[in-house]
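K.L.:
What follows is a single structure, and I will ask about it in a moment.
The values are calculated or read from the model by the stated rules, or taken from the named source; none is laboratory data. Source: prediction; values computed, not measured. Cβ: placed from backbone, ideal geometry, glycine included. Neighbour counts: every protein chain shown. Protein only, heavy atoms only, side chains kept; ligands, DNA and RNA dropped before computing areas. Shrake-Rupley method; radii C 1.70, N 1.55, O 1.52, S 1.80 Å.
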Amino acid sequence: MTDYSAEQLRDLVQTLAASGEPASILRIGEPVLRRQAATFDGQLDTADLTALLELMRRTMQAAPGVGLAAPQIGVPLRIAVLEDLFEAEPEIAEARQRTPLPYFAIINPSYRAVGEETAAFYEGCLSFAGFQAVVERHRSVEVDYDQPDGSHRRGSFSGWQARIVQHETDHLSGTIYVDKMLPRSLCGSAEYFRYWAQPTVDQARAGLNF
């Protein structure tokens with residue numbers, strides 16, 4: 001858990017957001033990425049929370065990525081932003097159940113599996129840039145979270161959207177996808193695109209023996 005005071009968190013957010021530019025994304029090995037983030041309970045006022053979310057959104061989009069958790073820019077709060085509007089080839093989109101995910105923010109999220117079905121696909125992380133690995137995740141999840149206006153919401157996600165939600169929510173508990181990956185599937189991004197960027201991981205399973 002963070003030992004930052006509310007005042008320190010406000011100062012941190014204001015400093016990070018002051019330039020109007022994207023923030024630097026912390027890389028694996030930074031302690032904040034391995035700690036349980038603190039529950040958001042009003043440490044930031046509306047203006048500072050808005051500034052943080054805007055900073056996270058432009059950092060995510062500039063990277064570019066489909067999600068970003070606050071600890072990835074050094075803010076140890078249970079907050080993440082998500083957005084997936086990238087175009088995917090039809091065959092890949094169908095296999096991965098990848099549909100557009102409009103921007104939204106999740107605060108204090110928790111997820112649980114819906115059913116027992118899982119799916120295994122390659123994924124990456126902005127905090128471990130340059131690598132990809134296969135992670136088996138719940139195909140469908142139900143998520144409880146707070147919205148920036150303070151209201152509570154429960155949402156259901158499936159396919160690639162469910163993967164993004166799980167990945168970002170895991171960050172808030174100090175878990176990075178490499179903790180859940182199939183180790184022999186790990187590869188550099190260049191090698192992934194050269195050999196294994198197919199709709200499914202079947203060829204990669206055979207070629208890398210996982």
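K.L.:
Output the residues belonging to segment 114-165 that are in contact (Cβ under 8 Å) with a residue 40 or more places away in the chain and either assigned to a loop (DSSP other than H, G, I, E, B) or of a type in the set (Val, Ile, Thr) (or both).
P.N.:
Val114, Gly124, Cys125, Ala129, Gly130, Val134, Val135, Arg139, Gln147, Pro148, Ile164, Val165
K.L.:
Could you go through segment 114-127 and let me know if any residue there is aromatic (Phe, Trp, Tyr) and closer than 30 Å to Phe40 by Cα.
P.N.:
no
K.L.:
Going by the structure shown, is Arg112 under 14 Å from the mean Cα position of the chain (by Cα) and basic (Lys, Arg)? Outline the logic, then answer.
P.N.:
Values: under 14 Å from the mean Cα position of the chain (by Cα): no; basic (Lys, Arg): yes.
Here the answer is no, as Arg112 does not meet what is asked.
K.L.:
List pairs: first residue in segment 89-101 and on the phi < 0 side of the Ramachandran plot, second residue open to solvent by 100 Å² or more (accessible area, probe 1.4 Å) anywhere in the structure, Cβ distance under 8 angstrom, at least six positions apart or on different chains.
P.N.:
Note: pairs meeting the criteria are Pro100/Leu85; Leu101/Leu85.
K.L.:
Report, by residue number, each residue of segment 77-98 that is open to solvent by 10 Å² or more (accessible area, probe 1.4 Å) and under 17 Å from His171 (Cβ atoms).
P.N.:
Residues of segment 77-98 open to solvent by 10 Å² or more (accessible area, probe 1.4 Å): 78, 83, 85-98.
Selection gives Arg78, Glu83.
K.L.:
Taking the conditions exactly as written (open to solvent by 20 Å² or more (accessible area, probe 1.4 Å) and within 15 Å of Ile28 (Cβ to Cβ)), does Gln132 satisfy them or not?
P.N.:
Working: open to solvent by 20 Å² or more (accessible area, probe 1.4 Å): yes; within 15 Å of Ile28 (Cβ to Cβ): yes.
Considered against the rule, which asks whether it is open to solvent by 20 Å² or more (accessible area, probe 1.4 Å) and within 15 Å of Ile28 (Cβ to Cβ), Gln132 comes out as yes.
K.L.:
Being open to solvent by 80 Å² or more (accessible area, probe 1.4 Å) and within 25 Å of Gly124 (Cα to Cα) is the filter here, so list the residues in segment 3-29 that pass it.
P.N.:
Glu21, Ser24, Arg27 - these are the residues of segment 3-29 that are open to solvent by 80 Å² or more (accessible area, probe 1.4 Å) and within 25 Å of Gly124 (Cα to Cα).
K.L.:
What about Gln72, is it polar (S, T, N, Q), open to solvent by less than 20 Å² (accessible area, probe 1.4 Å) and outside any loop (DSSP other than H, G, I, E, B)? Write out each step before concluding.
P.N.:
Values: polar (S, T, N, Q): yes; open to solvent by less than 20 Å² (accessible area, probe 1.4 Å): yes; outside any loop (DSSP other than H, G, I, E, B): yes.
Considered against the rule, which asks whether it is polar (S, T, N, Q), open to solvent by less than 20 Å² (accessible area, probe 1.4 Å) and outside any loop (DSSP other than H, G, I, E, B), Gln72 comes out as yes.
K.L.:
Specify which of the listed residues (Arg163, Arg194, Arg137) is open to solvent by 30 Å² or more (accessible area, probe 1.4 Å), basic (Lys, Arg) and out of contact with any Pro (no Cβ under 9 Å at 6 or more places or on another chain). Can you show your working first?
P.N.:
Values: Arg163 fails: open to solvent by 30 Å² or more (accessible area, probe 1.4 Å); Arg137 fails: open to solvent by 30 Å² or more (accessible area, probe 1.4 Å).
Only one candidate qualifies: Arg194.
K.L.:
Kindly list the number of the only condition in (1) under 30 Å from Thr46 (Cβ atoms); (2) of a type outside the set (Phe, Trp, Tyr); (3) touching a residue at least 24 places away in the same chain (Cβ under 8 Å) that fails for Met181.
P.N.:
(1)
K.L.:
Looking at segment 103-112, is at least one residue open to solvent by 20 Å² or more (accessible area, probe 1.4 Å) and either more than 24 Å from Pro71 (Cα to Cα) or among the aliphatic types (A, V, I, L, M) (or both)? Break it down into steps so the answer makes sense when it comes.
P.N.:
Step one: list which residues in segment 103-112 are open to solvent by 20 Å² or more (accessible area, probe 1.4 Å), which gives 103-104, 108, 110-112.
Applying the additional criterion that residues be either more than 24 Å from Pro71 (Cα to Cα) or among the aliphatic types (A, V, I, L, M) (or both) yields none.
Scanning segment 103-112, I find no residue that is open to solvent by 20 Å² or more (accessible area, probe 1.4 Å) and either more than 24 Å from Pro71 (Cα to Cα) or among the aliphatic types (A, V, I, L, M) (or both), so the answer is no.
K.L.:
A further question on this structure: Within segment 30-65, take every residue that is out of contact with any Lys or Arg (no Cβ under 9 Å at 6 or more places or on another chain) and in a loop (DSSP other than H, G, I, E, B) and give me the one that is nearest to Arg163 (Cα to Cα).
P.N.:
Of the residues in segment 30-65, the ones out of contact with any Lys or Arg (no Cβ under 9 Å at 6 or more places or on another chain) are 30-32, 34-35, 41-42, 46-47, 49-65.
Right, trim to in a loop (DSSP other than H, G, I, E, B) and you get 30, 35, 41-42, 63-65.
Numbers: Glu30: 23, Arg35: 21, Asp41: 26, Gly42: 28, Ala63: 19, Pro64: 17, Gly65: 13 Å.
In this case the residue turns out to be Gly65.
K.L.:
Further, regarding this structure: Filter segment 44-62 for residues that are among the polar types (S, T, N, Q) and surrounded by fewer than 20 Cβ atoms within 10 Å (Cβ to Cβ) and give the result. Full working, then the answer.
P.N.:
Within segment 44-62, the first condition is being among the polar types (S, T, N, Q), and the residues that meet it are 46, 50, 59, 61.
If the condition is that a residue be among the polar types (S, T, N, Q) and surrounded by fewer than 20 Cβ atoms within 10 Å (Cβ to Cβ), then Thr46, Thr50, Gln61 are the ones that fit.
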